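Trainee: Below is one structure. I have some questions about it.
What follows draws every value from the coordinates through simple rules; no lab data is involved. Everything quoted here is computed from the prediction, not taken from an experiment. Don't worry about glycine lacking a Cβ; one is built from the backbone with ideal geometry, like all the others, and counts go over all protein chains shown.
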Amino acid sequence: MTPKLIKEEKLRNFINGKWAAPSSEKYADVVNPANLATLVQVPLSSMQDVEKATSAAKKAQKDWALVPAPQRAEILFRVGVLMKEKKETLSQLLTMENGKVIEEARGEVQEGIDMAFYMAGEGRRLFGQTTPSELKDKFAMSVRAPVGVVGIITPWNFPIAIATWKSFPAIVAGNAVVWKPATETPIMAFELAKIFEEAGLPEGVINVVFGSGSTVGEAMIEQDDIRVISFTGSNEVGRTIAGKCGQRLKKVSLEMGGKNAVIVMDDADLTLAVEGILWSAYGTSGQRCTACSRVMVHESVKEQLEDRLQNEIAKLTIGNGLDESIKVGPIINKNGLEKIKSYIQVGKEEGAKLLSGGHVLKDGNHAKGNYFAPTLFTDVTPDMRIAQEEIFGPVVSLIPVKSLEEAIEINNSVEYGLSSSIFTRDVNQVFAAQRDLDTGIVYVNAGTTGAEIHLPFGGTKGTGNGHRDSGVAALDVFTEWKAVYVDFSGKLQRAQIDVE
Ligand code: NDP
C-alpha cells in the first residue's frame, strides 16, 4: 500500500455524489508496474452500479443543463486550480500506477490543468451561428444543446489527460457523465472525482464506476439513457463498441491506435531528428497512441542515423520513473511485455536486422518490474508485420527510402492514421508532406507526440471514426446542433415557397 499518497486501501465508486462500495463487493489489486507492489484495490462493479450511476446522471443533468454555461465553467475553473495545487501528488500517483517517468507524469497532469482552463473559457463561448433567413422578418440561428448523459471509457496509458479531454467538454456543455476508467489505472480517476467533489460539482453530474470493460463498459453501452459513448483504447474493442452502439443508434466517438512514423530526409538536422525519435518512440515506453514506431529514413543518411540512434539508446536509463534520473519506465503489465516480446520474434523471422534491445530486462532492480529494453530494428520493409501493426512498446523500425514520395506512400500504407512527422529544412517538402500525409496530426521538425489541448486530437482510417478529442472539435461529440427559427412577421411564411 502507499500510505503517504493515498489513504484508502480500497477505492470506491463515486455515484450521485456519494462514495460507494461496488454492489458485487469484489475487488482487484492495482499493481505498480515498476516493482509489482500492490498500491490499492479497485472495485469490480456490476451492471447494478452502472444503472445507479446512469439514473443519477439522468436526474442531475436536467438541472445542470439549466445552470448558465459561464457558471458551469466556473466550477471547471476551480477543478483546474485544485489540480494545479495537487499537481505533484497527482504526478507521483500517476507514475506509480502507470509507470511513466515523473517528468512525463507532470506533463500529463499539466495537460489536464490546461484542459480545465481552456474548457472553462468555453463556458463563455459555446458559439453557435446566426445567419440570414431567406424570408423577411425572420431570424435564424443554431445553438449547441447538450446530448444528456454521456458515457466515457478511458485507457490506462493517459489515465488523467484523456479523462479530462472527454469529461471537461461534456460537463461545460451541460451533460452529466458516467465514466469507466481502465482497471489498471483507477487512482487518477479516484483523485479526479475527489477534485470534482471539492470544486462543488453538483451531485450526479459526474459518476465514476470502476470495473472491467466486459462488465461495466458493456453495461454502459446497454443503457438507453446514455446517448453518447466516447472511447479511447484498442482498435479491437473500439470496433466492438461501434457495432453495439450502431445497433442502438447511439453516437460513438472512437480514438484508437496508431502506427506513427517519422520521416528523416537527406537535408534533416540529424541531431534534432534523433532527439525527436527518442522522445516519441521511447517516452512512456512506447505506450502512447502517438508513439513513433516507424522511421522512414533517406538512404543517404541511413547509416548515420542508425549509428546515432544506437549510441543514444545505449545511454537511456531504464527503471522506476519516480527516480528523476530515469528516462524510460516499465511496461504496464505482463501481457504488454509478452505482446512486445512476440513482435521481436516476428521481426527477426521476417528478416529485419536487430540493432538495439529486443529483450525483457531482468538484471538487478529490473527483475522486480516489467521492463523492456528500447529496441531498434533496421532494414525493415513496409510490408513486414512490425511495420504494419501496433506493438505498443519501445520498438522502432527503420525503413530506408529513396524519396519523399516513397516515404509518404509507406506512411499511408498502414491501417492507422493518427500522427506523422517530417524532419527537413526544405519548405517545399514541408508543405507537400503536410498535405499528403494521411494522418490527423502532422509535425514538422518534431517527433510524433506533443499534442496541445486546444487543437483537435484524433486520426484518419482505423484510428477513429471521424470524431476528435480536445479542441473545440470535442464539443461536437457532446452537443447536438439545434436550428432555431424566429418569425416576427405576424403571418405564416413558408420557407422555399413564400420567397419573393
Ligand atoms: P482496451 O481497448 O481493452 O481498453 C481500453 C478501455 O476499454 C479500458 O477502460 C477497458 O476496460 C475498456 N474495455 C475493454 N473491453 C471493453 C468492452 N468490451 N466494452 C467496453 N469497454 C471495454 O485496451 P487494453 O488496455 O487491453 O490494451 C490493449 C491494446 O490496445 C494495447 O496494447 C494497445 O495496442 C491498444 N491501446 C491503445 C490505446 C490508445 O491510446 N490508442 C490505449 C490503450 C490501449 P478494462 O481495461 O478496465 O477492462
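Trainee: Can you show me the helix-derived [θ] at 222 nm for the chain, built from DSSP H runs with n ≥ 4 at -39,500 (n - 2.57) apiece and divided by the number of residues, rounded to the nearest 500.
Mentor: Theoretical 222 nm ellipticity from helices: -11500 deg cm²/dmol.
Trainee: Follow-up. Per-residue counts of other Cβ atoms within 10 Å, averaged by peptide: what ranking do you get for 106-112, 94-100, highest first?
Mentor: Put in order of decreasing packing, that is 94-100, 106-112.
Trainee: What list of ³J(HN,Hα) values in whole Hz, one per residue of the stretch 380-389 in order, does the Karplus curve 6.51 cos²θ - 1.76 cosθ + 1.60 (θ = phi - 60°) give from phi, with Gly and Pro shown as x?
Mentor: 7, 9, x, 7, 5, 4, 5, 9, 10, 9
Trainee: Does anyone have the angle between helix 235-247 and the longest principal axis of the chain? Alpha-carbon axes, 0 to 90°, nearest 10?
Mentor: 20 degrees
Trainee: Please provide three numbers in whole Å: the alpha-carbon extents of the stretch 28-159 along the principal axes, with the largest listed first.
Mentor: 72, 37, 23
Trainee: What is the magnitude of the charge dipole of the stretch 57-137 about its Cα centre, with +1 placed on the Cβ of each Lys and Arg, -1 on the Cβ of each Asp and Glu, and no other charges, expressed in debye to the nearest 20?
Mentor: I would put it at about 380 debye.
Trainee: May I ask for the angle, rounded to the nearest 10°, between helix 47-66 and the longest principal axis of the chain, with both axes built from Cα atoms and the value confined to 0 to 90°?
Mentor: 60 degrees
Trainee: Between their Cα atoms, which of LYS166/LYS251; LYS180/LYS251; LYS7/LYS368; LYS26/LYS180 are more than 19 Å away from each other?
Mentor: LYS7/LYS368
Trainee: Along the positive direction of the dipole of the stretch 212-325 (beta-carbon charges: Lys, Arg +1; Asp, Glu -1; about the Cα centre), which of THR232, GLN310, CYS289 reaches farthest?
Mentor: Of the candidates, THR232 comes out farthest on the positive side.
Trainee: Take every DSSP beta bridge with both residues inside the chain and express the antiparallel ones as a percent of the total, to the nearest 5.
Mentor: Taking every DSSP beta bridge with both residues in the chain, the antiparallel ones total about 40 percent.
Trainee: Taking the Cα centre of each part, how many Å lie between the stretch 207-244 and the stretch 54-100?
Mentor: 21 Å
Trainee: I want to make sure I understand the PRE zone here: with the label point 7 angstrom from the Cα of LEU316 toward its beta carbon, which residues in the stretch 64-102 have backbone N atoms less than 16 Å away?
Mentor: The answer is 99-102.
Trainee: Have a look at the DSSP beta bridges in the stretch 347-470 and tell me what percent are antiparallel, nearest 5.
Mentor: Counting only bridges with both partners in the stretch 347-470, antiparallel ones make up about 50 percent.
Trainee: Please express the Cα-Cα pair-distance distribution P(r) of the stretch 360-435 as a list of whole percents, one per 10 Å bin, running from 0 to the bin with the greatest distance.
Mentor: Percent of pairs per bin, in order: 15, 39, 27, 13, 6, 0.
Trainee: Within 10 Å, Cβ to Cβ, of PRO169, how many net charges do the neighbouring residues add up to if Lys/Arg are +1 and Asp/Glu are -1?
Mentor: -2
Trainee: Further question: Peptides 9-18, 325-334, 175-184: what's the order by average Cβ count within 10 Å, highest mean first?
Mentor: Ranked from most to least packed, the peptides come out as 175-184, 325-334, 9-18.
Trainee: Given Cβ point charges of +1 (Lys, Arg) and -1 (Asp, Glu) and nothing else, what value in debye, to the nearest 20, does the dipole of the chain about its Cα centre take?
Mentor: 1500 debye
Trainee: If you take the charge dipole of the chain about its Cα centre, with +1 on Lys and Arg Cβ and -1 on Asp and Glu Cβ, which of GLY464, PHE423, ILE277 is farthest toward its positive end?
Mentor: Positive-most Cα among the choices belongs to GLY464.
Trainee: Could I ask something else about it? With the cut-off at 1.5 for a/c, could you classify the chain from its C-alpha gyration tensor as rounded, prolate or oblate?
Mentor: Since a/c reaches 1.5 but b/c is at least a/b, the shape of the chain is classed as oblate.
Trainee: First check a/c for the stretch 342-491, with a ≥ b ≥ c the square roots of the eigenvalues of its C-alpha gyration tensor; if it is under 1.5, answer rounded, and if not, answer prolate when a/b is larger than b/c or oblate otherwise.
Mentor: Because a/c hits 1.5 or more and a/b exceeds b/c, the stretch 342-491 counts as prolate.
Trainee: By DSSP, what percent of the beta bridges with both residues in the stretch 249-405 are antiparallel, rounded to the nearest 5?
Mentor: If I count the DSSP bridges inside the stretch 249-405, around 20 percent turn out antiparallel.
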